[in-house]
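Asker: Quick one: structure below, then a few questions.
The values are calculated or read from the model by the stated rules, or taken from the named source; none is laboratory data. Note that the coordinates shown come from a computational prediction; the quantities given were computed from them, not determined experimentally. Here the Cβ is made from the backbone with ideal geometry for all residues, glycine too, and neighbour counts use every protein chain on show. Just so you know, the surface numbers come from the protein's heavy atoms only, side chains and all, with ligands and any DNA or RNA stripped out. Shrake-Rupley method; radii C 1.70, N 1.55, O 1.52, S 1.80 Å.
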Amino acid sequence: MDINLKDLTYLHRRLDKQDLDEKDEAGNSIIIGHLEKLLMTSERYTNGALALGATIKRILILIRDCKETLPPRFFPLIIDYIKRVWDHKVDSVCHDSNEIFSTALIIHKRSCAGCKSVQSLETKFAPSCHWAFTVFRWLISADFPNKSTYKCLSAFFTDFPSSLRQLEENDIETFYRHLNNHSLANSVSEVLVQCLRDQRCWSLHIYHICRFVDYEKCSIDILKTRLIKLIEKDGTLTGFLEALLASLTGSTSARTLDTVLAIVRCLIRAQKSGKPLVEKREFIMWTQYISSETMACAILHSDIHVALSAFNVIIDHPKRTCAFVEYDLEFMKAFFVANLSSQLPGVRQSILAGLKNGSECTEPVLKKMRKNDSFSGKDTIMIVPETHCVGSMQRERVEICDADEFSDENTDGVDDVKLYTSFVRYIWDRCFDSLAPEGNFNRRLMALYTIELLYNRDLYTANGKTGFVDHLNLNGTLNCLRMYAIISCLDDSYELIRTKALSILRTLEYKIEMVEEEYIQPSDELTASVNDTSTSASACRMQLYMSQNPHRLQPVLELLADTVIPAIERASENLTNIIETPVHTNLSLLADLMENTVDKNYLAESMEDPEKRQWWSNFCNKKLLPPCFKAADIVIPVVHNPNPEGYIPQDTLEDCFPSSVEEQADFAQRLLVCCWRTQRFVSQIFGWVFENLAEYGIVEVENVKRVGDFYLRELTQGKHKGAFETSVDGFEKLCRFLWKSTNEEHPKPIKWLEEIMDVEENSQRLLSPCSTRRSAGLPYLVVAITITEPDGSISFDYAIECLFEMTMKSLDLRIHAMNIMKGMVTNSGLSEPISMFLESLLFVALKGCCAVDFIERNSASQLFSALRTRVFGVTRSAVRSYNADPKNRQSGYEFFNKYPELYSFMVEQLRTNSSPFAVVPPLVILSHLYPTTASDAKYPLAPFVPLCLHIAIRNKFEHIRTQAVIALLSISDSETFKNLACWIGEIQFGWIRQNHIFTSLQIVRGMYAQDQSRSFLANIVSEIVRTKIWLNWKDFVVSYLLKLCNKFNIDFDMDDVVVEKPVLVKRPIAERLLRSNDVLKAELSPWLKDYETRRQCFIIIQKKGWDFCNKYLWAQMINLAIRDLPEAPQQVDSARILNLLYPKHTMITEESREKLCQFIRQELYSETSLWNLFTKSTACKLLTKLEMPSADEREALLEWINGCSDVDEDSTRLNALCVARDLSYTLKNNCDDVTKEFKLSFIRTVSLFLQDCEHEIREMASEVLSPFLGAPAGYVLNPFVCRILVADHTGDYTCDKRFEDDLIPNEPLSESVDRDALFAACAENGYREQKYFGDVDLFKDIYNLIDRAPSSFIFPECD
């Protein structure tokens, strides 16, 4: 008899040996008796796998802690239980099985004499304990290992270390093969660390790790972050790491360098234990293990992960008292400058973290400064003011006094302090240089982040000592020019740069002297522009001014409020005037200023002063809100118009109407944008007022009512989602204030809700305007009212009750109700109260999907989609099939226990409803469930099986049949699968309908994928093929059958299929031809005479690669591809064939090569060719591989490559670089007809790609150019460094002036802004820079450390 697990919950309380010794009537331990029953009947506990595992684990832990033993008969039962559940769908069950295994080993060893004798690695592991030896062999020889397999194996090695001697080479090879599996990597790494304790196998492990590194498909990140990390934590395998390092040193490939640096970092970090790894050496540095050449290769490598690993090796030393030496700082400089414009946010954060760690290592410097008295105020930065000014800011000059006045008597530490100071100043200089407008977005952003980091005094303070930071004199390094560089970032087109620059300017202690009239004038000119970037730049400049002059807040706010009124007056006269004198710009400035400069503390202090309180009251009620009301009323005709392209009022059409269609569209769009932005900023101002000012009672009641009417109008009469979303935030702030307000004259949110939900009387006034399919802003309105109620759930309960009532009313009310319900389900603020009504909401959605009207079904489906996400969770991966993600599934028992009424409803709906719209939602729910219930469970899924099967067979819609099959497979248990297999075996496929056949084949494929009755199902398919009853089936079904044959490796006679069959049938035929072992038969097959079949062969090779095809068929397929190229009907087929021939160009015969080259040239130079640019680029790529181009062709190709650098398609630019790479081989061979001018032109052309927006293309361009700089074979320079060095060699590099030498432009910044541009222009290539940044001398010094090849074939004068 099964035990009720609920009766054993007492086991999870605190128990001791006395509880374990409690006996039953027969004198046996009660708890151990429970354990035996649970183990013997565990297969039947399919419903409570989690509780069962936890109970068994608890009993075993109790036995272990009480130092008791178990009879031998228990241990095979425990292993049988682990075998059943160790790969369970629930991770907790797998984890419990691992703990059960390790605990059982401990208990077994306690009573087994044979196991006690094999406690150490030196002891020979013999099968003295048959059970332990059997378990060991079972773990080693597992057919389908999983995480639990290796967890258990690691536990076994821990308890039986001598078993490591029994491992064979094949076993270790299997471990490393599984190491590349991300799901197994952690567990396999734990086992490998255990194996490494046997030093005799180190050479074998080193061999496999080197193979792992060399194999491109293996992940180096797994090796670094899993295996090497665990070896570091172990702390006893330093010798193995040193031996491994010796085997890997010498290669400059990215994968090897990355691994070497990870090992070196691990060896250095091992010093945390306080024990030096090498005797007579205080600290171990990276130079102990690798050379400066290797470090230089890594620092300048194109692979950012390699460079970052090198940077971390230098910067992340575990001993904080270990000082950097000169070459450390030089390498850090080179890395920082080379990667300052990195596009990867993660890399930027890693660089900043490294700089922070390095800057914090000031303790050794402070110690030397304390020993040396000559550092009192010497070598600091001083500010020398100059006499002239620029604009409103005084210009100052930086003068660095690198004096030689250090005391000759005490010079200890002087050089180290100079090195540190020079390094910090160098980084400062590069950052301020990078703020130039010629730099790209990534460079400017990274420079701002670095400036923010390095100007933090706490960064240079160690143990409260401020000697070094005082010596740096942070404030002294700032001057007017550098401040201007940051201020210029306020006008940047990227908001992130503007906000970061403003944040830095607010935190720096350097104060700028501003003349209000001169400073605000450019801001006013920016405000007059309709360009959104100009508006934002003006707001940032004003925020900076207010942060420097907080006492001017009230006059500036009044000035801005007065400026809005003339623009509103002009717009009220004629709405089109809003384009010439925009209203939204000043409103935006007002909103931004109030939100970012007026905080709650300031307001609280102002309200205590009667004079300031009165000012805020007058400003709010007389100067701020009235213009906003008027502006909102003016833009209503546009904002509420259903036309999304723009709207011009009828009364203005005759006065101003552009002449051309383009002008009409531009005019309408400008009007629309200006009106929408006006409405947005009006709502933003209202929201700020009620969030900050209304609580002090200074907003008049009439204004409160008008703001409420404004939001109700916007959310019920608007037609665009953007308008709803801009209004709902302010409306929520208004509701929060009104819920707390005690003024009886203020409107109450509950009254609004009652008016909306009163389905008998007043709702038509509010609901009828909501004519859009999603009920306009009504869901936002209801949700905002319910989530802002501070205490209780009165509004929510009232709303949900009315919504359920509305679902019983008219069609319009039902649609509005479901749309509002969806809004409440998707809002996170209502996640807790809405959970009580999920079952009722599911009823509403399922019933709504049965409706006759499409619009009601549409709303119901949207509600159901939201409920599915709410019940089963957010899908963590892209949905590419009908199958549910395993992490988004629940057991049927769990689901129907939560929503019991749905069980009978879904059964009835699937049984009686024939509507295709009605059956899909229940099928989707079933596809998210899995069976764990026993035969006597309360909610078995078995009744759904025949219903799903009936729909899968009878329904006429293919997608519904597929969904029914997915649901059927999802809810089936092992017994159901057996019944399905028997049912399929009894089907007479020659006498049933095609849909029935197709469904049966889908079930066969689904069961096969789940390892259910594989051999039986394969026999069924084989029998179908043998009897040839499928020859008269429909093409779609035949195609699916042949795909199953390919998947099951079942032979079929291709000659039985008619060649004239449609393409669907030819796809699996083509796959079988390519994989055929009978090469002669495949070559002579009539199918290869059919063009469509050959085309399918080419498509398969393109998708799966040449390795998918039998290698003895390669020559045949190449010849067919060459023959089909001139006859290809579409250029996409031509491009496919050219791409297929490229990797196999060496297998093309001489005769075919000549014909192919002739045809390609004909198409390239023909004016009537139908090939597009991508196809031509692919043809050029192949042509340069087939034969060496002549001098004239090289010139033409070079010109073509130059033109491809600006092409939008990435694939075309990649093809152009492939052509350039092939041309580079000609240049390296120093052909007689290659001139030096052509070589330089080639290098300049390829260097254009070094500034491509795609890193892959930049890296490939660097791969082409690196050999010209003498880089070692296979080594690829950082593209940025490569561009600098190439420009220096070609003479194109011009040393840029330092920022301090540039003149500040005297013209206002607003003159450079296109005020007529409605939107900020997007850069075609956001990475390209208009000047050379970097430090060519530094890069040369680092690059000279690399053992380079001679480069005289290009730059003889440089050798």
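Asker: If I stretch the segment between residue 992 and residue 794 completely, what's the gain in nm (0.36 nm per residue apart, minus their alpha carbon distance), one decimal?
Answerer: Here the segment from residue 992 to residue 794 would lengthen by 65.3 nm.
Asker: Enumerate the calculated ³J(HN,Hα) couplings along region 1167-1179 in order (Karplus 6.51 cos²θ - 1.76 cosθ + 1.60, θ = phi - 60°), each rounded to whole Hz, writing x wherever the residue is Gly or Pro.
Answerer: 7, 9, 5, 8, 5, 8, 5, 5, 5, 5, 5, 5, 5
Asker: Can you pull out the trypsin sites (Lys or Arg not before Pro) in region 808-876 that DSSP calls coil and that have at most 10 other Cβ atoms within 10 Å?
Answerer: Answer in residue order: 876.
Asker: Could I ask something else about it? Between beta-carbons, use under 11 Å as the cut-off and find the net charge around residue 726, counting Lys and Arg +1, Asp and Glu -1.
Answerer: Counting the neighbours of residue 726, the net charge comes to 0.
Asker: Loop only by DSSP, 12 or fewer other Cβ within 10 Å of the Cβ. Give me the trypsin sites (Lys or Arg not before Pro) in region 1005-1070 that pass, ordered by residue number. Could you put the intermediate results ahead of the total?
Answerer: Numbers: sites: 1005, 1014, 1026, 1028, 1034, 1043, 1047, 1066; in loops: 1028, 1034.
Sites meeting the loop and neighbour criteria: 1028.
Asker: From Cα coordinates alone, what are the radius of gyration and Dmax values for region 986-1038 in angstrom?
Answerer: When restricted to the Cα atoms of region 986-1038, Rg and Dmax are 10.9, 30 Å.
Asker: How many nm separate the modelled label positions at residue 1103 and residue 1046, each set 7 Å beyond the Cα in the direction of the Cβ?
Answerer: Computed distance between label sites residue 1103 and residue 1046 equals 0.7 nm.
Asker: In whole Hz and in residue order, list the ³J(HN,Hα) couplings for region 1079-1092 that follow from phi through the Karplus curve 6.51 cos²θ - 1.76 cosθ + 1.60, θ = phi - 60°; x for Gly and Pro.
Answerer: Here the 3J(HN,Hα) series is 5, 4, 5, 5, 5, 8, 5, x, 5, 6, 7, 8, 5, 4 Hz.
Asker: Can you figure out the FRET efficiency of residue 1079 with residue 1027, using R₀ = 22 Å and their beta-carbon distance, to the nearest 0.05?
Answerer: For residue 1079 and residue 1027, the calculated efficiency is 0.15.
Asker: Whenever you get a sec, compute what percent of the accessible area on region 1165-1233 sits on carbon and sulfur atoms (1.4 Å probe).
Answerer: Working: 1570 of 3270 Å².
Reported share for carbon and sulfur atoms: 48 percent.
Asker: Amide H of residue 930: which non-local residues (sequence gap of 5 or more, or other chain) have their own amide H closer than 5 Å, using H built in the peptide plane?
Answerer: Excluding prolines and chain starts, which carry no amide H, the hits are 890, 891, 892.
Asker: Let me ask another. Could you look at region 292-361 and say what percent of its accessible area is carbon and sulfur, using a 1.4 Å probe and all protein chains?
Answerer: 50
Asker: Quick one: accessible area per residue over region 973-1015, 1.4 Å probe, rounded to a whole number of Å²?
Answerer: 52
Asker: Within a Cβ distance under 15 Å of residue 955, other residues only, what is the Lys/Arg minus Asp/Glu net charge?
Answerer: Around residue 955, the surrounding residues sum to +4.
Asker: A further question on this structure: What distance in nm lies between label points placed 7 Å from Cα along the C-beta direction at residue 614 and residue 138?
Answerer: Placing both labels 7 Å along Cα→Cβ, they lie 9.1 nm apart.
Asker: Multiplying the sequence separation of residue 288 and residue 247 by 0.36 nm and subtracting their Cα-Cα distance, what value in nm do you get? Working shown, then result.
Answerer: On the way: separation 41, 0.36 × 41 = 14.76 nm, distance 1.56 nm.
Using 0.36 nm per residue and subtracting the Cα-Cα distance, I get 13.2 nm.
Asker: Another question about this same structure. What number comes out for accessible area per residue over region 666-722 if the probe is 1.4 Å? Units Å², please.
Answerer: 33
Asker: Ignoring ligands, DNA and RNA, please state the percent of accessible area on region 892-1031 from carbon and sulfur, probe 1.4 Å.
Answerer: Carbon with sulfur: 52 percent of the solvent-accessible area.
Asker: Can you compute 3J(HN,Hα) from phi for each residue in region 1096-1110, using the Karplus curve 6.51 cos²θ - 1.76 cosθ + 1.60 with θ = phi - 60°, rounded to whole Hz and x for Gly and Pro?
Answerer: Working through the residues one at a time gives 5, 4, 5, 5, 5, 5, 4, 7, 10, x, 5, 5, 5, 8, 4 Hz.
Asker: Quote the relative contact order of region 1097-1252 in percent (integer), defining contacts as alpha-carbon pairs under 8 Å separated by 6+ residues.
Answerer: About 20 percent, as a whole number.
Asker: If you count only protein heavy atoms with a 1.4 Å probe, what accessible area per residue comes out for region 1132-1246, rounded to a whole Å²?
Answerer: Using a 1.4 Å probe on heavy atoms only, each residue of region 1132-1246 averages 47 Å².
Asker: Using only Cα atoms, locate the centre of region 216-266 and the centre of region 986-1055, then give the distance between them in Å, rounded to an integer.
Answerer: Answer, in whole Å: 50.
Asker: Enter the Cα centre distance for the pair region 813-867 and region 554-584, rounded to the nearest angstrom.
Answerer: Spelled out, the Cα-based centre of one part sits 44 Å from the other.
Asker: Let me ask you something else. If Lys and Arg each add +1 and Asp and Glu each add -1, what is the summed charge of the other residues whose beta carbon sits under 13 Å from the beta carbon of residue 845? It would help to have the intermediate numbers written out before the result.
Answerer: Details: positive: 814, 822, 847, 857, 868, 870; negative: 839, 856.
With Lys, Arg at +1 and Asp, Glu at -1, the net is +4.
Asker: Taking the Cβ-Cβ separation of residue 740 and residue 496 as r and a Förster radius of 25 Å, what is the calculated FRET efficiency to the nearest 0.05?
Answerer: E between residue 740 and residue 496, to the nearest 0.05, is 0.10.
Asker: Let me ask another. Provide, for q = 0.08, 0.12, 0.17, 0.21 Å⁻¹, the log10 of I(q)/I(0) from a solvent-free Debye sum over equal Cα point scatterers in region 1109-1265.
Answerer: -0.23, -0.53, -1.03, -1.38
Asker: So what does residue 1008 come to for accessible area, using a 1.4 Å probe and Å² rounded to 10?
Answerer: Number for this one is 40 Å².
Asker: For the residue pair residue 1147 and residue 170, what label-to-label distance in nm results when each label sits 7 Å from Cα along the Cα-to-beta-carbon direction?
Answerer: Placing both labels 7 Å along Cα→Cβ, they lie 3.2 nm apart.
Asker: What FRET efficiency, computed as 1/(1 + (r/R0)^6) with R0 = 41 Å and r the Cβ-Cβ distance, is obtained for residue 457 and residue 343, rounded to the nearest 0.05?
Answerer: That gives a FRET efficiency of 0.85.
Asker: Relative to the present Cα-Cα distance, how much length would full extension add between residue 809 and residue 51 at 0.36 nm per residue of separation?
Answerer: Values: separation 758, 0.36 × 758 = 272.88 nm, distance 4.63 nm.
Roughly 268.2 nm would be gained on extension.
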